[in-house]
Amino acid sequence: MISTLRLLLPALIPSWRFFKTIAPSPRVEWRADGAWHAFRPRPDHVSFVQMLARLFWNPDWNEALYAVSLAERLAEAPTDHARDEMFRLIAGQCPTATAIEFRVLFVTRCQAELLYRSPRRDLAERVT
């Protein structure tokens, strides 16, 4: 029983030592024609009922976390797979666009640092 509790305790009470470093999270922005838009922006307000429901079902947030993971990969070592997956996620958000591009930024209090910028992709080349 005690050995089970020792295994379960770190999962119940997480520690910041779990992370090797704490760094700014990358932001993904996309544009189809003109202005840049944030990918999956956080809502301004979430009601208490919505918060409770999100504890059990929140596919949009899971997809946003996946996009952050892809953005980190693109910032460190860009791969075709990560870029194609990011295009797939963004194309799902803007179905009427004919061509899109995206960029990955690290935003700090003083400035925004561009880490990666994709080439413009015609959506006729969609990766499924």
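Just so you know, all these numbers are worked out from the coordinates, no wet-lab data involved. None of these values were measured; they are calculated from a predicted model.
Considering only alpha-carbon pairs that sit under 8 angstrom and 6 or more positions apart, the relative contact order computed for segment 44-128 is 22 percent. Report summary: the helix-based calculation at 222 nm, which adds -39500 (n - 2.57) for every DSSP H run with n ≥ 4 and divides by the residues of the chain, gives -13000 deg cm²/dmol.
Is segment 17-104 rounded, prolate or oblate when judged by the Cα gyration tensor, a ≥ b ≥ c being the square roots of its eigenvalues, rounded requiring a/c under 1.5 and prolate requiring a/b larger than b/c?
Oblate.
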